[in-house]
1. Quick one: check the C-alpha center-to-center distance for the stretch 150-195 versus the stretch 3-72, whole angstrom.
2. Report for the chain the percent antiparallel among DSSP-assigned beta bridges with both residues inside it, nearest 5.
3. Just the C-alpha atoms of the stretch 5-150: what Rg/Rh do they give, with Rh taken as the Kirkwood radius?
4. If R₀ is 45 angstrom, what is the calculated FRET efficiency for the pair residue 166 and residue 136, using the beta carbon separation as r and rounding to 0.05?
5. Please work out whether the stretch 66-111 counts as rounded, prolate or oblate from its C-alpha gyration tensor, where a ≥ b ≥ c are the square roots of the eigenvalues and a/c under 1.5 means rounded, while otherwise a/b larger than b/c means prolate and anything else oblate?
6. Relative contact order (percent) for the chain, with alpha-carbon contacts under 8 angstrom and 6 or more residues of separation?
7. If you fit an axis through the alpha-carbon atoms of helix 215-226 and take the longest principal axis of the Cα set of the chain, what angle between them do you get, 0 to 90°, nearest 10?
8. On full extension of the chain, what length is gained from residue 37 through residue 127, given 0.36 nm per residue of separation minus the C-alpha to C-alpha distance?
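Quick note: the coordinates plus some simple rules give every number you see, no bench work behind them. Bear in mind that the values here come from a model prediction, so they are computed numbers and not experimental data. Heads up, the Cβs are rebuilt from the backbone with ideal geometry, glycines too, and the neighbour counts pull from every protein chain shown.
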């Protein structure tokens, strides 16, 4: 079973197996249909397309962030439509860095599915290896997916506020250093970060080749960030609960499970003007 990362050679050996489902999660925030177009132009054989807005997010509202969690019952139907049940190994990939694939990974883990992994290096690594692609869609026979919701994997905004005020959690923000600082904000109406949060851009989990750092390096970096706090006190956030999942994947791959997702993230936090806002860079990140 693969439960965090899988490399291209390992995935290549699994192609065509009925108990393996591959999800193509390519997406661009500024061009929401670009990922579907990329999928149509060529994808890993047998892959099903998972759209961030339509499949991996719920409906937005006046108090939600930009990518709220889907309704679990509707998500179970979506998983079943892709041919997923409790006996299936799922592999998710995106264009390369893994942020959108990590969202699919986290949702499956939230729904109680342990056998899910992200393709290390994504479609870019697959293409660079010269492996097969196809342009037609192979429809999977639907299966019944029965969720086993892991409610302790996420935390709602009111609880984040309460636990932050009590000093019971350490918030880690996966956005880039500029947006964390309140600079170059183009997606949300208020710039800055949650006071007391630390900044760990999700890209820090990756090496120059676009693949995740080695386990030892990831573990050392995350333990330094935790500074003695248990990982169970870490709450991961970002702009809308997507790249935050990349940090959670990195933690689990490093052998540090137990952190939670604040899915509403910054785009939800700033919906209420009474919630506090800070600016300035994390001195550790610079």
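1. 25 Å
2. 10 percent
3. For the stretch 5-150, the value is 0.94.
4. 0.25
5. oblate
6. Relative contact order of the chain: 22 percent.
7. Helix 215-226 sits at roughly 20 degrees to that axis.
8. Taking 0.36 nm per residue and subtracting the Cα distance, the gain is 30.7 nm.
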